[in-house]
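Note sheet for the following structure.
The values are calculated or read from the model by the stated rules, or taken from the named source; none is laboratory data. Keep in mind that this is a model prediction, so the values were computed, not measured. Every residue, glycine as well, gets a Cβ built from its backbone with ideal geometry; the counts of neighbours run over all protein chains shown.
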Protein chains: 2
Amino acid sequence: MDKRKIVIDCFGCDSPEEVIRGAALAAEKYPGVELILTGEKKSIEDTLGREKSFPRIRIADAAEVIGNEESPVNAVRRKKDSSLVAALRILKEEEDACAMISAGSTGAVLCGAVMLLGRCEGVERPALASLLPADNGGFVCLADCGANADCRPEQLAAFARHASAYVESLGAKTPRVGLLSVGTEEGKGNALVKETFPLLKESGLHFIGNVEAKSALSGEVDVIVSDGFSGNVLLKSMEGTAKSVLKRLAAALKKHAPEGSGGFIGAAFADVMKTLDFNAQGAAVLLGVKKTVLKAHGSAVAETIVSCVRQILAMQAGGFDKFLTQRGKDE
Amino acid sequence: MDKRKIVIDCFGCDSPEEVIRGAALAAEKYPGVELILTGEKKSIEDTLGREKSFPRIRIADAAEVIGNEESPVNAVRRKKDSSLVAALRILKEEEDACAMISAGSTGAVLCGAVMLLGRCEGVERPALASLLPADNGGFVCLADCGANADCRPEQLAAFARHASAYVESLGAKTPRVGLLSVGTEEGKGNALVKETFPLLKESGLHFIGNVEAKSALSGEVDVIVSDGFSGNVLLKSMEGTAKSVLKRLAAALKKHAPEGSGGFIGAAFADVMKTLDFNAQGAAVLLGVKKTVLKAHGSAVAETIVSCVRQILAMQAGGFDKFLTQRGKDE
């Protein structure tokens, strides 16, 4: 099998060093990948360490960086020599490059991917899909989790199609698709949900109806479809509530626990926090553009990048690229 | 001081017996209240127990019950002899009746309150306001948490006004009002949020800007304003996530704990569950109608009704009625 060529945008995030170290770790861990790192060459070389050689890492020099505070469209247009634009250009131009990872500005990754890679057939705007840690140890894919604050029903139907293909590539058989709403019965929800419902019913997907936010982690669906506003509210309230509950329970245990119980309590918390790590599965995937794009959190650490590479390999093995090729025709 | 006259709709919920028992407990606990129970007289008398007399409980016979599956508008129009319609009629007609409690159908309570009591000035549709248990031991008022799936900016501004007066009556000084969004900066959010932002800025309320779902429990605001769809997603995802995290932690502690640690772990969980009880504050309040209406959960137990009565007494003492009287003019 040919090497999987993955492009990594190393800048525009909190710690480029972590991203570069993560790339080095991934290159060691996965002999089947070839990595192309974009960003200021000298700085990347310094972090990789000149003494060590990484035969499967290539550096593509790009002097500019796109910051979080910049207007995404303008930044992508003007900063042609930025690490992000360079990464997207390589992904587009090198046919065997299969995916890109960036921990940079979400807006810029979105705009750049649409402008440089183009959208799949039937997609107006791509969605961000996150994998939530379900109670059964599996995951639930939430799309859109924040890219599109205002959506139309056709967009939600497109999110459903792409998210379904995404989780199928990760191993879910005939993924169960649910529509985020305020009640499970057909007819419950806002105007957007009511208009999206029949589209999903006729979509040919395994649509199981509305799903409430309280069952998001139950594992009763594989995909939750939502506009990016409500999806983001759902995602962030889960993160915030999980943190709040853990804090309250830690305080209560401290109050009630006899001396010397700290050890096993710490171990239990560590276990749970691992199952609740909303970044453990790597990163959010941009659904609806012609090649695979992963958007890692701005605070990505080396391990995040390793997870991203693992996630891309899984998606490739599961046939996500084939889906994109079918859907990748120009509109 | 005159007695506080409170009307209680005893039917249309999971357990009318619990509601009736709760009314009896509240009458005993709060000598300053007079309760009017609506519903089938014989059944209420049976539950209260004929041998015991409750001088401050009056029963208003109403044979019909409105179910959750009925169309709210039709049910309120047709079932004039239902426990809910009877309760609302008494609340409207008896000038000294200050509030109503119902654990019946949310839709019917909403419709009935609008049709029978009328809306306050400047209110198109009332909102449901819930009190969330904040990390600092206080609470955060979320409005709307589910009554209006689709909203316009003016409606959100009205929710903010009423919710602010509500929490002020409960003791919050100059309540801090936040607008639920996907980022804290002005300009973040969907079209509704962007149009509501300037209205809140000019509202004369203590508007502190957008608030993200992840900080909902942080206590940094006293009021979170939202459309009823996103608000419901927020509320239910908090409930679901809290449950999920507690379950995961219980399992992890069981795995790691040495024999005999069950006692203090159970005590710690009980403490936390108490702080996370989303019904501990009584019930949701219907904001925007001319008199105080509390909507308790359909699964209300006796203690819920006692909490509701306590909540109404606090609101009365804090001047919520005065606010309603000022706002209570016909549109």
- Task: Please name all residue pairs, on different chains or six or more residues apart, with Cβ atoms under 7 Å, provided the first residue is in the stretch B:4-25 and is over 26 Å from B:Glu95 (Cβ atoms) and at pLDDT 95 or above and the second residue is hydrophobic (A, V, I, L, M, F, W, C) and crowded, with 24+ Cβ neighbours inside 10 Å.
- Result: B:Cys13/B:Val19; B:Cys13/B:Ala103; B:Cys13/B:Ala300; B:Pro16/B:Cys10; B:Glu18/B:Ala300
- Out of (1) within 17 Å of the chain's Cα centre (by Cα); (2) closer than 30 Å to A:Ser218 by Cβ, the one A:Ala108 does not meet is (2)
- Query: Restricting attention to the stretch A:140-187, and to residues there that are β-branched (Val, Ile, Thr) and assigned to a loop (DSSP other than H, G, I, E, B), which single residue is farthest from the other protein chains (Cβ to nearest Cβ)?
  - Reply: A:Thr174
- Task: Determine whether B:Lys295 is in contact with a Lys or Arg (Cβ under 8 Å, 6 or more places away or on another chain), charged (D, E, K, R) and touching a residue at least 24 places away in the same chain (Cβ under 8 Å).
- Result: no
- All positions within the stretch A:228-241 that are facing another protein chain (nearest Cβ under 7 Å) and crowded, with 24+ Cβ neighbours inside 10 Å: A:Phe229, A:Ser230, A:Asn232, A:Val233, A:Leu234, A:Ser237, A:Met238, A:Thr241
- Query: Of the residues that make up the stretch B:106-125, is at least one part of a loop (DSSP other than H, G, I, E, B) and farther than 28 Å from B:Leu156 by Cα?
  - Reply: no
- Note on the stretch A:44-53: residues surrounded by fewer than 16 Cβ atoms within 10 Å (Cβ to Cβ) and either within 22 Å of A:Val301 (Cβ to Cβ) or in contact (Cβ under 8 Å) with a residue 24 or more places away in the chain (or both) are A:Glu45, A:Asp46, A:Gly49, A:Lys52
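Matching residues to (1) modelled with pLDDT of 95 or more; (2) crowded, with 19+ Cβ neighbours inside 10 Å; (3) within 25 Å of A:Ala242 (Cα to Cα):
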residue: B:Glu121; (1), (2), (3): no, no, no
residue: B:Glu124; (1), (2), (3): no, no, no
residue: B:Ala127; (1), (2), (3): yes, yes, no
residue: B:Leu132; (1), (2), (3): no, yes, yes
residue: B:Leu156; (1), (2), (3): yes, yes, no
residue: B:His162; (1), (2), (3): yes, yes, no
residue: B:Gly171; (1), (2), (3): no, no, no
- Query: Looking at B:Glu93, B:Glu70, which one is within 20 Å of B:Ile312 (Cα to Cα) and surrounded by fewer than 22 Cβ atoms within 10 Å (Cβ to Cβ)?
  - Reply: B:Glu93
- Out of (1) among the hydrophobic types (A, V, I, L, M, F, W, C); (2) at pLDDT below 95; (3) buried (at least 21 other Cβ atoms within 10 Å of the Cβ), the odd one out for A:Leu246 is which? (3)
- Item | Sole residue being within 27 Å of A:Gly187 (Cα to Cα) and either among the acidic types (Asp, Glu) or in contact (Cβ under 8 Å) with a residue 60 or more places away in the chain (or both), chosen from B:Cys141, B:Cys151 | B:Cys151
- Task: Please work out which one of (1) outside the structural domain of B:Gly189 (by TED's automatic domain parsing); (2) crowded, with 23+ Cβ neighbours inside 10 Å; (3) charged (D, E, K, R) is the condition B:Arg310 fails and give its number.
- Result: (2)
- Note on the structure: Residues in the stretch A:280-300 that are in a loop (DSSP other than H, G, I, E, B) and either surrounded by 19 or more Cβ atoms within 10 Å (Cβ to Cβ) or modelled with pLDDT of 95 or more (or both) total 8
- Task: May I ask you to list the residues in the stretch B:188-210 that are in a loop (DSSP other than H, G, I, E, B), more than 21 Å from B:Phe320 (Cα to Cα) and away from every other protein chain (no Cβ under 14 Å)?
- Result: B:Glu202
- Item | Cβ pairs under 8 Å, 6+ apart, first in the stretch A:211-227 and at the interface with chain B (Cβ under 7 Å from one of its Cβ atoms) and in contact (Cβ under 8 Å) with a residue 12 or more places away in the chain, second polar (S, T, N, Q) and in a loop (DSSP other than H, G, I, E, B) | A:Glu212/A:Thr184
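Yes or no, residue by residue, for (1) closer than 23 Å to B:Gly288 by Cα; (2) assigned by TED's automatic domain parsing to the domain that holds B:Leu170; (3) within 16 Å of the chain's Cα centre (by Cα):
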| site | (1), (2), (3) |
| --- | --- |
| B:Phe207 | yes, yes, no |
| B:Glu212 | no, yes, no |
| B:Gly219 | no, yes, no |
| B:Val225 | yes, yes, yes |
| B:Val233 | yes, yes, no |
| B:Ser244 | no, yes, no |
| B:Arg248 | no, yes, no |
- Return the residue satisfying two criteria in turn: it lies in the stretch B:228-279 and is touching a residue at least 60 places away in the same chain (Cβ under 8 Å) and in a helix (DSSP H, G or I), and of such residues it is farthest from B:Val211 (Cα to Cα). B:Thr275
- Is there any pair linking a residue in the stretch B:28-43 that is on the phi > 0 side of the Ramachandran plot and surrounded by fewer than 18 Cβ atoms within 10 Å (Cβ to Cβ) to one that is at pLDDT 95 or above and outside any strand (DSSP E or B), with Cβ under 6 Å and at least six apart or on different chains, and which? none
- Take the residues in the stretch B:249-269 that are more than 23 Å from A:Thr275 (Cα to Cα) and more than 7 Å from every other protein chain (Cβ to nearest Cβ), then tell me which one is surrounded by the most Cβ atoms within 10 Å (Cβ to Cβ). B:Gly263
